[in-house]
Amino acid sequence: MAANGVILLLTLTLFSVSSINTQYYSDYEPEAEFVPLEEQQRHQQNNQQTGRHNEEKPFDVEVVSGDINGGSSHLPGLFFHQAFPFLGNSFFNSFGGFGIGTQQEPWWKGPNVCTEKEEDEKVMDENDGNEETETADGTDTTVQVKQPYFGQFHFSMNSCVEKPSKYICKRVVNKNGRKKTLTITRQCCHGYGRPRNAAYATPCDKIEIKDVESTAADVGAKDFVIKAKNSGLNDMIMSRKNLTMFLPVDEAFSSYSDLLQSESNLVEKQNDDGMKKLFLRHVVDGEVSMDEVRNEQLFKTQVGGQNIRINSYQVPLSLSPEPYRYTANCVPILKHDKSTEQGMIHTLDGIMKPVNKNLMDIIRDRRDMSIMRTVLEKTKLSDLLEGEKPLTIFVPTDDAFDKLESHLRRVLKEGKGCASNILKNHMLDLTFCSIASVPGAKTTAYNLLGEPMRFNRSTHGGEIEQPQPIVINGVAKVVETDIMGTNGVVHVIDTIMPTETALPLSSLMQEKNVTIFRRLLEISGLDNAFDDMDNLTMFAPTDKALESTEWSKMLEENPEQLINNRNLNEFLSYHVTKPMTKTCDLKEQLMPTIGGGNVRIHLFSTHSLFTNVMNRATANCARLVHFDDESCGSVLHQVDKPLIPPKMNLLEMLQNNPNYSKFLELVQAANLTNLLVNPEEDYTLLVPKNDVFEELDENVTKEPTELESLIKTHIVNDVICCAGIIPTNWPFVRSIESLNGHHLRITRDRRPKIQNAGITKCDAMATNGIIHEMNDIVVPSSRQSQQPQRPHQHFSHHPQEDIFSDLFF
C-alpha cells in the first residue's frame, strides 16, 4: 500500500442477453401482436457470446404458435465480468469470441475493417454522483460514482454490441471526478461488406458497388435521380460521399408527376428550387442502414426543419421472407441497404411530403375534424398531441359523431365524464403506419388505456397486392391513412370507437339491452343527470323483470303520464346507490341510494362443497343475473326483479295483509310482537296463510310454551332470500336455524322449500327483514334426526373468500 493512498482499478464489461416472443396463429389467419422496434432491440442476443449473428438482426424474435399466454423459456439476464489490472483485457480477448477456447478471430479483427474513434470528456461536480450512460446497443445503465475519501479512485465500464457489419464498444471512465467516454466503432470499410447471415469469423469482402445513378437504375428508381440532376444537383449527387438517399421508385414518382410539375412551374424561374427541395428532403448525412436504426429514430434531412422518421414493423414469416418492414415518414421502404460509391440508398413506394405540423395542428387545419378538435381541447388532450413524444391518433370525422347515440354524443361534445377515455381509446403511444397492418394477418396494438386495438386488412380476391381498407376492432374503417406529423401520424376513420369503461350509463344500458329501464330514465329526465354522475352502482331490472309492471304498461299506453312523475323518479332513484361497488367488493350491508333509503345486499353460496364461498349476490333479494359492466366511473348490475323500497316493518306488514291475520293473532297471543318491530335485527318470517291454520290442534294455541315455540319455529334471525335456496341432496344437506334452535332443512324442488313447507310467495321486503308466504305449517324434525345433518353457514360473510365470486355467479 502506498503511503499517500490507495489506487483501485475496477473494470466491468456488461453483456445483455434477452429475448422477446411474438405470437402468430394459423387457425384461420396469422395474428401478430405489434411490438415497437425499441422493445425488440432490448432483447437481442449478444453476438460476441454466440459467435455468430442472427439473420433477423437487429432484433432477436422468437416465433411460436399456440396459446396466447404461452411464451418462450428464454429469460432476460445480465452477465457482469470483473477483471483486475494484473489480468488485463488481453487475457479475455485472447479467446476471440466469448466462448472460451474459440481459436477463430472475430471478423472485426480481420482485414478490410475501418475503425472510428470518438471521445467525450466531462468534469463532474458533486451533483453528478449518479451518471446515466447509454450503451452502444441502446441499453441504459446507471453508474454510481462516489467521491473518494483518500487517494485516487478509478472506475470504468465497458459495453460492446455487434451488428451485421459493425462492432461498437463504449468505455466510460471516471477518474477523480473527470468522466471520459470513448466510443470505438469497427465496421467494414466502404466497398466491403459481409453477408447478412455470415458466421462469426466471416471477414469483410469486397463487394461490387456502382455510382448512385447506376444503382438507382438497377433498383428501379432512376427517374427521381435524373430529375434531381437536371435541376442542378448533379455535383451534389455524384460527388458528395457518405450520404443516404431515400429514392421513390419510378412508378411512385410517375404518379406524383402532376403535383411535381405544378411545383416546378411555380419555381421555374428560381432554377428548379422546387425539385431541389423535394430531392433534398429525401437525403440525410451518413450511411444509414436499416439493420442498425432504432424504431422512431429521426434523421435530419438536407432541408432545414425537415426530418425523416424511421419505423419498423414485424411481418408474419408465412407472408413475407423479410421479418420486418420499414417505413420512412410512413412511406414503405421497398428495398434497403443498397451501397453506392456515394453512400447508401433505400427505395420508397411513394414521395415523402413536407412534415411541418404537429398532430394537433393537422387536426386544427382540417374542416372535417372540427368536433374532434373541440373535444381534444376541452379534455386537455390537445397538449399531448402538441408534445414531442411520438403518437398515433385515429381521428373520426364530424360525420362520425353524428352516428353516435345521443347520450354519448352529448357527453363527448361537452368533454364531460370519461370523454378523455374515449379519445384515448383512439390513440397509441407510438407511430403506427398503415403498413403495420398486414393484409391477411391480424395485428394488435395497445392504446393509451392499455386496451387492445385489433387491425384487420383483408385482400381483394385473395391477392395481397390489392389490400382493402383497414378495419379497427371490427367497427371503424380507416378512410385516409398516414398523414404524417412532426410527432407521429394521423389516420382518419369513419366511426367512433367507444370503450365500455368510458360510456355514460345510458349508453352502456343500450349496449347491454337494458331498454325499458333506460326508456323510463329518459322520459323522467333523469338520464343526463345520472350520466354526469360518477362513483355509482346501478341495479337495473332486466327487460323481462319490468315488462309486466305498471311502469312498462304506462310507458307503452300513456307515456305522457310519466313525465315529471314523482313516483317514477323515486322508483328509478332507488335503483342507484353509492359508491361504485363491483361484485368482488360486495358484502352483506345496507347501501344508501341517491334518492334516500337503503338497498339490502346479501350474499349466498350455491356450491355443494364450498359452502363458505359467496358466489351469488342479491339486492333486496333480487338476484344479480348480469354484473360488473363498468361505465364511466360507475358499474351496472342487472337484477331479475324491480327493487321496491320497504315502507313497513314485519309487524306492520302482517297487520296490512288479511291473509296473514291468523298468524298475527298467534304472534300477539305469544307476546312476540316486540320481535317484529325491532329495527336492530333482521328476520325472515315464514308465514302460513289463514287457511293452513284450520287444521291446527287447538291445544297448541292454548299452551303458551308450545305456542311460543311454534311461532319461533317460523322465525329465522337472518335474511334468507329465495335466490339463496338451491336444490340439495344427502349428504350435502343445508339447513337454517330457527329462533328456537331447530335446524330447518332448505332445498328447492318446483319451488323453494323449508322442511315440509313450500314457499308460495317469496321475498316480501320489510324494513327489518322479509316475509315468505308458506303453504303449510313448518314442522321441525326431532333433535335426534338433526344430529347427522350439516348446518349451513353460508349466511355469514367471508370477505377473504370473495376471490371466487367472479367464477361462479
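Couple of notes before you dig in:
- Scope the stretch 674-689; condition part of a helix (DSSP H, G or I) and either more than 20 Å from M774 (Cβ to Cβ) or open to solvent by 40 Å² or more (accessible area, probe 1.4 Å) (or both); matching residues: N674, L675
- Verdict on S605 being over 17 Å from P541 (Cα atoms), open to solvent by less than 20 Å² (accessible area, probe 1.4 Å) and among the polar types (S, T, N, Q): yes
- The stretch 616-666 - residue that is aromatic (F, W, Y) and more than 22 Å from D527 (Cβ to Cβ) and, of those, surrounded by the fewest Cβ atoms within 10 Å (Cβ to Cβ): Y660
- For the stretch 715-750, the tally of residues that are over 46 Å from the mean Cα position of the chain (by Cα), under 18 Å from N768 (Cβ atoms) and part of a loop (DSSP other than H, G, I, E, B) stands at 2.
- Of all residues in the stretch 739-758 being polar (S, T, N, Q) and in contact with a strand residue (DSSP E or B) (Cβ under 6 Å, 6 or more places away or on another chain), the one that is farthest from K689 (Cα to Cα): T747
- Those residues of the stretch 375-417 which are among the charged types (D, E, K, R) and in a helix (DSSP H, G or I), in sequence order: E377, K378, D383, D398, D399, D402, R409, R410, K413, E414
- Scanning the stretch 751-767 for residues that are open to solvent by less than 50 Å² (accessible area, probe 1.4 Å), within 28 Å of V639 (Cβ to Cβ) and over 45 Å from the mean Cα position of the chain (by Cα) returns I754, A757, G758, I759.
- Residues in the stretch 304-320 that are at pLDDT 90 or above and out of contact with any Pro (no Cβ under 8 Å at 6 or more places or on another chain): G304, G305, N307, I308, I310, N311, S312, Y313.
- Count - residues of the stretch 232-246 that are open to solvent by less than 10 Å² (accessible area, probe 1.4 Å) and either over 14 Å from Q302 (Cβ atoms) or touching a strand residue (DSSP E or B) at 6+ places or on another chain (Cβ under 7 Å) (or both): 4
- Within the stretch 477-495, the set of residues being among the aliphatic types (A, V, I, L, M) and either open to solvent by 50 Å² or more (accessible area, probe 1.4 Å) or free of Cβ contacts under 8 Å to residues at least 12 places away in the same chain (or both) comprises V479 only.
- Of the residues making up the stretch 496-517, those that are within 29 Å of the chain's Cα centre (by Cα) and crowded, with 20+ Cβ neighbours inside 10 Å number 11.
- Criterion: within 30 Å of G440 (Cβ to Cβ), aliphatic (A, V, I, L, M) and not in a loop (DSSP other than H, G, I, E, B) - qualifying residue of I310, I363: I310
- Every test in (1) open to solvent by less than 10 Å² (accessible area, probe 1.4 Å); (2) within 23 Å of A328 (Cβ to Cβ) is passed by I422 save one, and that test is (2).
- Here V613 passes the criteria (1) over 15 Å from A723 (Cβ atoms); (2) modelled with pLDDT of 95 or more except the one numbered (2).
- Highlighted here are the strands (runs of 3 or more DSSP E) found entirely within the stretch 102-203 that include at least 2 residues which are of a type in the set (D, E) and at pLDDT 85 or above: 113-123.
- All positions within the stretch 302-313 that are open to solvent by less than 20 Å² (accessible area, probe 1.4 Å) and either polar (S, T, N, Q) or over 16 Å from L348 (Cβ atoms) (or both): Q306, N311, S312
- Some residue of the stretch 289-300 being modelled with pLDDT of 95 or more, over 14 Å from T431 (Cα atoms) and open to solvent by 40 Å² or more (accessible area, probe 1.4 Å): yes
- Top-ranked residue of the stretch 538-564 - restricted to ones that are open to solvent by less than 40 Å² (accessible area, probe 1.4 Å) and out of contact with any helix residue (DSSP H, G or I) (no Cβ under 7 Å at 6 or more places or on another chain), ranked as farthest from N620 (Cα to Cα): T549
- Candidates are the residues of the stretch 336-351 that are farther than 22 Å from R240 by Cα and either in contact with a Ser or Thr (Cβ under 7 Å, 6 or more places away or on another chain) or not β-branched (V, I, T) (or both); the one that is surrounded by the most Cβ atoms within 10 Å (Cβ to Cβ) is G350.
The values are calculated or read from the model by the stated rules, or taken from the named source; none is laboratory data. Computed from a predicted structure; not experimentally measured. Don't worry about glycine lacking a Cβ; one is built from the backbone with ideal geometry, like all the others, and counts go over all protein chains shown. Note: accessible area is taken over every heavy atom of the protein model, side chains too, but ligands, DNA and RNA are not part of it. Shrake-Rupley method; radii C 1.70, N 1.55, O 1.52, S 1.80 Å.
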